[in-house]
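**Student:** One structure, pasted below without further comment.
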Amino acid sequence: MDRRNLLITGAAALSIGSRRILGANDRVRVGVIGLGGRGNAHLGGYLSIPGAQVAALCDVNQAARERANARVVKAGQEKAVEFGDMRKLFDSKDIDAVSMATPNHWHALGAIWAMQAGKDTYCEKPASYNPFESRQMIATARKYTRMCQIGSQSRSTPHVMEAIQALKEGVIGKVYMAKGLCFKRRKSIGKRPDGPVPPGLDWDMFLGPAPMRPFNELRFAYNWHWFWDTGNGDLGNQGVHQMDIARWGMGVANDHSGLKSVVSTGGKYAYDDMQETPNTQLASFDYGDREIVFEVRGVLTGGEGTLGSGPRATSAVGNLFYGVDGWMELDGSGYRVYTGEENKVAKDVKATRGSEGTVRHMENFLAAVKSRDYKKLNAEIEIGAASADFCHFANISYRSGKRLNWDAAKHTFDDATANKLLTRDYRKPFVVPTKV
């Protein structure tokens, strides 16, 4: 029997038998999975929270595990147990929760396996690689009564929370458009030949659900974002944060009811390299009497509104909201509200120093692990999955080359080619189950 099936058949027993009953003062024993750039941010976050113990580390790269463990010891905690295969970590009865910082194509399967094994799960954005995975993650969290927080840390960032509340209270009147900006400078990745797998790297495990490919340096480390096998482009990388904020500020339903259609155009312009995903992309989500618009620009560009303004600006990452009485711009520095025909500055709120969103978001997760109330999670899986879906919908429209009409009841588009992209062909044994 392979390990995935073993996990599934034994999940009910593990869910009941392997967990401690945590008290308010107990430390939560966390396993961090994926120890690249974002994984190291996870590691630093948990090491800074008194209620967390980093008890396990998992990565397909031995060197990454060793570097992370040195950091754990330096922080004054006991050396963590190391794993090269996340399934072995899930078997451990000494872990209460896991923190997933793998590439996108591993998020859903890793989180599903973890929850089936009785582990509460913090999973990086985007929640899923495709919409089918989104639904399976929600179903798993509900069936196994697990906490599942998605790493949309803006949901725990004070000035963003304040800005969204102001929109709800009508600071600019009825909002008719929300726009997300991902004008993040991305230089050409160039070209590299395929080569041998580096020592200490489990390439098969890295690819997991994705098709088997020869090792290529550009398909590994950060650049996996720009290949359809493993990533979702910058829309599903940086952009999903702003997509989440756009949806949040607009107040649209997580089940996508009310959405009529989506269209996305663009391309990979300017560069002759191995990148597959677009570096310039425009998407529109039609709700009839209002819309959400999203734009990606990776090549040199100016800003919009005052976001990314200035003579040396080459990027702008944030959100714009337009209402019948004015407009709002929101980014990492704060938010500003302009009202009336005079475009009067009605509010100018600066972000609070020391209010790092990731740590607050992890604290919110750990509190829910102890309370066992998933409704207290700021970016619970149903929220995170819905925002990921919008990134997927835009990419599906872009890849199919069509405006797509959405049927919320059936959870499908009006196009057979597009519907095939709602899921993927999984490489065995790394298959996201249709029944969780």
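**Student:** Just rank PHE413, PHE132, PHE365, fewest to most, by other beta-carbon atoms within 10 angstrom.
**Tutor:** PHE132, PHE413, PHE365
**Student:** Quote to one decimal, in nm, the extra length available between LYS420 and ASP26 on full extension: 0.36 nm per residue of separation minus the C-alpha distance between them.
**Tutor:** 137.3 nm
**Student:** So what is the relative contact order of the chain, in percent, for Cα pairs below 8 Å that sit 6 or more residues apart?
**Tutor:** Relative contact order here is 20 percent.
**Student:** As a test, work out the antiparallel percent of DSSP beta bridges whose residues both lie in the chain, rounded to the nearest 5.
**Tutor:** Looking only at bridges with both residues in the chain, the antiparallel portion is about 65 percent.
**Student:** Using a Gaussian network model of the chain with C-alpha springs under 10 Å, which one of ASP96, ASP234, ASP373 is most mobile by mean-square fluctuation?
**Tutor:** Its mean-square fluctuation being the largest, the pick is ASP373.
**Student:** Let me ask you something else. Most exposed first by the Cβ proxy, i.e. fewest other Cβ within 10 Å, how do THR140, THR352 rank?
**Tutor:** THR352, THR140
**Student:** May I pose another question? Hey, rough spin-label estimate for TRP228 and TYR287, points 7 angstrom out along Cα→Cβ, what's it come to in nanometres?
**Tutor:** 3.0
**Student:** What distance in nm separates the two pseudo spin-label positions at ARG399 and LYS79, each 7 Å out from Cα along the beta-carbon direction?
**Tutor:** Taking the two extended label points, one gets 4.3 nm.
**Student:** Ok, one more. What value, in deg cm²/dmol to 500, does the helix sum -39500 (n - 2.57) over DSSP H runs of n ≥ 4 give at 222 nm once divided by the residues of the chain?
**Tutor:** After summing the helix terms and dividing by the residues of the chain, the value is -9500 deg cm²/dmol.
**Student:** Here's a follow-up. Taking the mean number of other Cβ atoms within 10 Å as a proxy for protection, how do you rank 72-80, 416-424 from highest to lowest?
**Tutor:** The densest-packed peptide leads the list: 416-424, 72-80.
**Student:** Okay, next question. Using 32 Å as the Cα-Cα cut-off, could you pick out the over-long pairs in LYS93/LYS184; LYS125/LYS347; LYS93/LYS168; LYS93/LYS375; LYS260/LYS350; LYS191/LYS435?
**Tutor:** Violating the 32 Å limit, Cα to Cα: LYS93/LYS184; LYS93/LYS168; LYS260/LYS350; LYS191/LYS435.
**Student:** Describe numerically, in nm with one decimal, the distance between label points set 7 Å from Cα along Cα→Cβ at LYS93 and at GLU356.
**Tutor:** Each label point is offset 7 Å from its Cα along the Cβ direction, giving 3.5 nm.
**Student:** Another question about this same structure. Report the extension gain between VAL345 and VAL431 in nm, rounded to one decimal, defined as 0.36 nm multiplied by the number of residues separating them, less their alpha carbon distance.
**Tutor:** Length gained, VAL345 through VAL431: 25.7 nm.
**Student:** Which residue, ALA63, ALA163, ALA117, has the most motion in a Gaussian network model of the chain that connects Cα atoms within less than 10 Å?
**Tutor:** Of the options given, ALA63 has the highest mean-square fluctuation.
**Student:** Relative to the longest principal Cα axis of the chain, at what angle does helix 239-250 sit, 0 to 90 degrees, rounded to 10?
**Tutor:** 60
**Student:** Stretched out fully, how many nm does the piece from SER188 to ALA408 gain, at 0.36 nm a residue minus the Cα gap?
**Tutor:** Roughly 75.4 nm would be gained on extension.
**Student:** Further, regarding this structure: How do the peptides 286-297, 251-262 rank, highest first, by the average count of neighbouring beta carbon atoms within 10 Å per residue?
**Tutor:** Top to bottom by mean Cβ count within 10 Å: 286-297, 251-262.
**Student:** Oh, and also: Radius of gyration and Dmax for segment 381-436's Cα atoms, expressed in Å?
**Tutor:** According to the Cα coordinates of segment 381-436, Rg and Dmax are 12.5, 35 Å.
**Student:** With everything on Cα atoms, drop me the angle between helix 158-168 and the longest principal axis of the chain, reported from 0 to 90° to the nearest 10.
**Tutor:** With both axes taken from Cα atoms, the answer is about 50 degrees.
**Student:** Okay, next question. Just the projected area, averaged over all directions, of the convex hull on the alpha carbon atoms of the chain: how many nm²?
**Tutor:** Taking the Cα atoms of the chain, their convex hull projects to 21.3 nm² on average.
**Student:** What whole number of Å gives the distance from the Cα centroid of segment 206-265 to the Cα centroid of segment 134-198?
**Tutor:** Distance between centres, Cα-based: 10 Å.
**Student:** Now for a different question. For segment 216-246, list residues with backbone N below 16 Å from a point placed 7 Å from the Cα of VAL197 toward its Cβ?
**Tutor:** 216-221
**Student:** Give me the net charge of MET115's neighbourhood, meaning all other residues with Cβ under 11 Å from the Cβ of MET115; Lys, Arg count +1, Asp, Glu -1.
**Tutor:** Every neighbour counted, the sum reads +3.
No lab work stands behind these numbers, since they all come straight from the coordinates. Predicted model only: the values in this text are computed from it and were never measured. Glycine also receives a Cβ, built like all others from the backbone with ideal geometry; neighbour counts cover every protein chain displayed.
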